[in-house]
Amino acid sequence: MKKLIISKTLLFLFIIVFIMGFNSVFGTENSLIGVTIVIAMLMYLERDLTVNPWKNFFFLLGINLLQGIFGHLSTMNLWVAIPLNFISMFIVGYFFSFNLKKPLYIAFGLQYLFILTTPIATSDLPLRLLALASGAVIVMLTQFIVNKDKLSKAGNKHLITTCNKLNEKLDCIMVGKDCSEVNKSIEIAIKELRKIIYYRRFEGYYLSQEGRLKLKISACLEKMYMILNRFDEVEYKSEVITACKEELENVKQLMEKKPVASTSLQDLRELGAKTKSLYINEIVNTFELLYDLIYEVQATDKKDLNKVEQIVEIPTNFKSSYNHFVNFNKNSVRFTYAMRLGIMITLAAFITDYFQLELGRWMIFTLFSVTQPYSEQAKYRFSERVIGTLIGAVIFGILFSIFTDATSRSMLILVFGYLNSYAVAYRNIVITVTVCALGTAALVSDPNIVTIERVLYVLIGVVIGMIANRTIFPHSIQKGTTALVQMYKDTSKNLMEEVYKYFDNKANSHSINNLFAITSFIEDRIILNNETMELKHSAQFLEKQRKLNNGIYELFLRIQRNKIDDVTVKLILDDIHQIMISSNEDLDKLVKHLKAANNNVIRIDDHIVLNDIIGIFEDFKKNSRYHVELKPRKA
């Protein structure tokens, strides 16, 4: 808690200093642009823009300048504003919302609305454009300060956290304690690492050598996590747990570049030989692969770790232009959101200008806030927006009747601005923003009039938004989640196809790595949607998908590192080829065929891999039958 307060306080102070500095350079008429630059800067920190710096810089610069020019022209003529406002907000809604990644439309949407609602003289336009251009520079400079070597620093931190949590899981198993919270922490740490790796792709496709190796390490740790989930079947429980904890400590030491004992895996190997346990040998097998990968990272110098192989052309379906093209249709959540946002903001801005509504901007901001990609999310925001605004107005009325001088009121605004940094629930965010907004306006106007008018425009915005979200290109979570579930199934199938191709053509490893990394984003988006509408049996479906993808990727690793006998590889790949063209009934035959072949395998490594493949096929069959069923969450 202490660290949270310190970090939030420092961030708040930084924002105040930044805005003050921005105002002194670009003037108070551009102060709100400074606010959106801070928002964009913070939102982009999750992503690593340093891998393609010039491309990202010119994209941000182009967007900012376009918004500045279109916004200024729109304030000069309300008829010219109609196409320009629609185009600007469509760009915000389409190019800054994503099927899987966190959206960025808040920063750029607010930026355009601030430009629209704070008009300037044409003579002041160059300074405003310069302020907007500085935004692109500031975002990129922040990226180089914060995200430099992010994969090495934050990546290692997530790997060490995973090891620590695996040790905690072993402690829970030893005493028979529930592991659900530890399990959640392990899954989050692994997914966060893969997101860092995914954002570190060059040209949106190629991974560096460090990225590839750490993705593989994450797969091994995930495999260890899955092995521990079925720990009940092991003999010599106490000895195995002790030995596993020692190996996990060794893994941590290696990641921290500290020496480890040369007797690694000795105890586990002896237990495996003594018990002839396939389970214990599977643990040994996984640790061996994990050590190989970590030693390879350590043996590779920094320059080679950053090296990116571009020996193959980017496949069409991995290109960003293709992604934009396939989403440009009425069945896409990005397209429907962009159309709805463009239409509603254009209409609200036209009404405000045509009737010269002095505080009409509150209607525009409310519409932007309650217009959401999914109709269910918008419905939730309608009520929360109204309740939050009313509570905020009451708090504002009470406090501003007690504190009547300008100094104390300014301090109240700062206090609620600071409290806003702790707000997580949407209603609480609205409450703090309402107090700040009303307070700022009340410093130069009658507080009572400001309060009544703002609440009125918020209510009008909510009513218009409710109608719009139901009638203008509506898109439901049912539709979105169904598409995500199908995407997850298709990604697993594509991953199997790419592994099959890899045996004959070793040039598609980048595609395999991309598909494996992206599964974390699909799962997170399904979980996020599940917070609004409950997906029936989602936990079981996601767990099986995770096992399925890990099993397929581990097969790729073992083929790549020659850990499987050629005869076994041929058997597996032939069956993978069959699964692509088979019905569920044929899958049952394939599983029986593999189980029979497994009885004749001599090498323990091949025996383990065939067991994994049988599990892959069984999970693939079960999840192929999974259908989306949603029901509203209970309040």
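The values are calculated or read from the model by the stated rules, or taken from the named source; none is laboratory data. Bear in mind the structure is a predicted one, so any value in this text is a computation, not a measurement. Ideal geometry is used to build each Cβ from the backbone, glycine not excepted, and the neighbour counts take in all protein chains shown. All accessible areas refer to the heavy atoms of the entire protein, side chains included, with ligands and DNA or RNA removed. Shrake-Rupley method; radii C 1.70, N 1.55, O 1.52, S 1.80 Å.
Relative contact order for the stretch 326-411: what is it in percent, counting Cα pairs under 8 Å that are at least 6 residues apart?
21 percent
For the pairs Lys307/Lys622; Lys101/Lys489; Lys302/Lys493; Lys2/Lys184; Lys2/Lys223; Lys153/Lys307, note any where the Cα-Cα span goes beyond 29 Å.
Lys307/Lys622; Lys302/Lys493; Lys2/Lys223
By how many degrees, between 0 and 90 and to the nearest 10, does the Cα long axis of helix 150-175 differ from the longest principal axis of the chain?
That works out to roughly 60 degrees.
Which one of Phe328, Thr275, Val308 is farthest out on the positive end of the charge dipole of the stretch 225-336, using unit charges on Cβ (Lys, Arg +1; Asp, Glu -1) and the Cα centre as origin?
Phe328
Using a 1.4 Å probe on the protein heavy atoms, what percent of the accessible area of the chain belongs to carbon and sulfur?
61 percent
What number, in percent, do you get for the relative contact order of the chain if the mean sequence gap of Cα pairs under 8 Å and at least 6 apart is divided by its residue count?
This gives 14 percent for the chain.
Going by a ≥ b ≥ c, the root eigenvalues of the Cα gyration tensor, does the stretch 365-466 fall in the rounded group (a/c under 1.5), the prolate group (a/b larger than b/c) or the oblate group?
Prolate, since a/c reaches 1.5 and a/b exceeds b/c.
Under unit Cβ charges (Lys, Arg +1; Asp, Glu -1), what dipole magnitude, rounded to 20 debye, does the stretch 381-537 have relative to its Cα centre?
240 debye
Given a cut-off of 32 Å, name the pairs among Lys245/Lys544; Lys195/Lys501; Lys169/Lys621; Lys195/Lys544; Lys55/Lys252 whose C-alpha atoms lie farther apart than that in the structure shown.
Violating the 32 Å Cα-Cα cut-off are Lys55/Lys252.
Loop only by DSSP, 15 or fewer other Cβ within 10 Å of the Cβ. Give me the GluC sites (Glu not before Pro) in the stretch 294-330 that pass, ordered by residue number.
Hits after loop and neighbour filter: Glu309, Glu313.
State whether the stretch 70-150 is rounded, prolate or oblate according to the following rule on the C-alpha gyration tensor (a ≥ b ≥ c being the square roots of its eigenvalues): a/c under 1.5 gives rounded; otherwise a/b larger than b/c gives prolate, and the remaining case gives oblate.
Oblate, because a/c is 1.5 or more while a/b does not exceed b/c.
Only sites in a loop by DSSP and with at most 16 other Cβ atoms within 10 Å count here; which trypsin sites (Lys or Arg not before Pro) in the stretch 287-377 make the cut?
Lys307, Lys319, Lys330
Please give the net charge around Ala437, taking every other residue with its beta carbon less than 14 angstrom from that of Ala437, where Lys and Arg add +1 and Asp and Glu add -1.
That works out to +3.
Could you state the accessible area per residue of the chain in Å², with a 1.4 Å probe and every protein chain left in place?
With all protein chains present, the chain gives 46 Å² per residue.
Determine which aspartates and glutamates satisfy two conditions relative to Lys479: a Cα distance under 13 Å, and not lying fewer than 8 residues away in the same chain.
Once the sequence-local aspartates and glutamates are set aside, what remains near Lys479 is Glu376, Glu629.
Please get the size of the charge dipole for the chain, origin at its Cα centre, with Cβ charges of +1 on Lys and Arg and -1 on Asp and Glu, quoted in debye to the nearest 20.
700 debye
Output ³J(HN,Hα) for the stretch 282-299: one whole-Hz value per residue in order, computed from phi by the Karplus curve 6.51 cos²θ - 1.76 cosθ + 1.60 with θ = phi - 60°, and x for Gly and Pro.
Using θ = phi - 60°, the values come out as 5, 4, 4, 4, 5, 5, 4, 5, 4, 4, 4, 5, 5, 4, 5, 4, 5, 7 Hz.
Which whole-angstrom value gives the distance between the alpha carbon centres of the stretch 120-180 and the stretch 208-273?
The stretch 120-180 and the stretch 208-273 have Cα centres separated by 27 Å.
Mind checking which of Asn156, Leu125, Leu170 is farthest towards the positive end of the stretch 46-179's charge dipole, using Cβ charges of +1 (Lys, Arg) and -1 (Asp, Glu) about the Cα centre?
Leu170
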